[in-house]
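The values are calculated or read from the model by the stated rules, or taken from the named source; none is laboratory data. Just so we're clear, the structure is a prediction, and the values are computed from it rather than from any experiment. Here the Cβ is made from the backbone with ideal geometry for all residues, glycine too, and neighbour counts use every protein chain on show.
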Amino acid sequence: MPVLILAGDEEFELSRRVQQLKNSLLDPSWAAVNLLRLDNPSLAEIINAAGSLPFGFGNKVVLIDRCDLFTKKKTKGADDSAKPDDSKPKDNKDKLLDELEKALTAVFENTHVIFSCPFNFDSTLKTSKAVMKHATLESHTKEKFYVGSRNPKLESWCRKEAKTFGATIEDEAMSYLLDGTEANLRQISSELEKAAVYILPEKHITHKVVVALSPYHNHVFVLADHWLSGKGKEALASAQEMTERQSAMPLVATLQTMLSKWILTKALAEKFNRESPSGPGINRKELPPSELVRRIAAELKAAPIMVEKDLKRLSKIPMERLIKKRKDLTRLEASIKTGLIPDSHALQVFLSG
């Protein structure tokens with residue numbers, strides 16, 4: 001090192017890497033005084049902290065946590081390389097960047113400056129260019145995953161993660177966890193640890209074991225299918241089973257995401273069919289299913305197989321109903337957050353309507 005940038009939207013791996021570095025770099029006896037954590041600080045604060053020296057034995061770790069210096073700001077007109085208090089005037093920002101470079105060049109050999117950035121690294125920004133001259137970059141980018149499709153990289157990760165708990169994992173069990181959690185690595189790690197303990201003294205995690213320990217993972221998709229098919233009783237039974245094991249809030253959030261995706265998919269299908277060739281002597285027809293799937297998948301940057309499944313599930317659901325249910329769910333979610341209604345009851349009301 002001693003200057004390291006950890007950047008990426010895979011929060012679990014990034015946070016675990018930060019913990020590994022703290023454990024390996026800090027002397028436990030001096031960790032309390034030799035760890036300096038700054039929460040998304042300004043450039044001026046980073047410059048001052050970079051000159052820190054270790055106290056006693058071992059290393060000093062300066063952790064710049066939740067750092068957003070290396071990603072474009074979401075807000076309109078925000079500066080691309082500094083926090084608001086550093087960005088005006090422009091001459092001051094440039095001066096601070098120069099001072100930052102000098103500070104990083106002069107970091108003491110036993111001081112380690114770690115930028116922990118829960119965003120993907122944008123190498124085009126001024127701050128990125130300045131800091132990268134003196135730093136090592138580690139990327140922790142979230143792997144794209146589509147439910148129902150294979151992802152060798154994530155499968156390999158699952159096998160390695162199971163191994164850290166002294167176990168191996170069956171392929172079907174691995175697919176179940178990936179699909180059921182939508183490749184949420186933190187959640188998968190938790191489930192693997194639980195399964196590894198459960199099967200002791202055995203060492204092989206099977207599909208049967210993960211279903212027994214985590215039956216609700218797959219049910220969020222079963223619940224959605226029941227609801228779309230008008231099977232209210234089955235949807236309520238699935239929801240009840242899940243809420244016996246966890247809060248209903250993650251299910252409400254997942255349904256919000258699903259409804260947004262379904263509305264967009266339905267709108268794009270109507271748009272592309274409406275734009276199909278028409279005119280004198282030409283009868284407007286709907287696009288062939290394969291062409292419609294291709295266009296929607298390209299627009300959403302999604303896997304065609306998932307778009308095809310959604311179109312089949314949505315074929316008998318009017319757009320108006322999807323929009324109404326999205327509004328209903330938004331109101332219910334607001335009522336949960338303000339304490340007007342329990343989360344499990346709100347989910348039941350949504351599914352019953």
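Can you pull out the residues in the stretch 208-225 that are modelled with pLDDT of 85 or more and either touching a Leu at 6+ places or on another chain (Cβ under 7 Å) or within 27 Å of E308 (Cα to Cα) (or both)? V210, the sole residue that qualifies.
Reported count of residues in the stretch 226-284, each being at positive phi and modelled with pLDDT of 80 or more, is 1.
When I169 is tested against (1) surrounded by 18 or more Cβ atoms within 10 Å (Cβ to Cβ); (2) farther than 30 Å from E308 by Cβ, only condition (2) is not met.
For the stretch 107-154, the set of residues classified as closer than 28 Å to W30 by Cα, buried (at least 16 other Cβ atoms within 10 Å of the Cβ) and among the hydroxyl-bearing types (S, T, Y) consists of T111, S116, listed by residue number.
Yes/no matrix, rows are residues, columns are (1) loosely packed, with under 15 Cβ neighbours inside 10 Å; (2) assigned by TED's automatic domain parsing to the domain that holds F165; (3) not in a helix (DSSP H, G or I):
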position	(1), (2), (3)
R186	yes, yes, no
E193	no, yes, no
A196	no, yes, no
P201	yes, yes, yes
V209	no, yes, no
E234	no, no, no
M242	no, no, no
Q246	yes, no, yes
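Look at S15 and say whether it is under 24 Å from R186 (Cα atoms), surrounded by 15 or more Cβ atoms within 10 Å (Cβ to Cβ) and assigned by TED's automatic domain parsing to the domain that holds A106. Yes, satisfied. Here is the figure for the stretch 263-281: residues that are over 21 Å from A334 (Cβ atoms) and either within 22 Å of the chain's Cα centre (by Cα) or assigned to a helix (DSSP H, G or I) (or both) total 11. Checking the stretch 301-310 against the condition returns a match, with at least one residue being surrounded by 16 or more Cβ atoms within 10 Å (Cβ to Cβ), small (G, A, S) and out of contact with any Asp or Glu (no Cβ under 7 Å at 6 or more places or on another chain).
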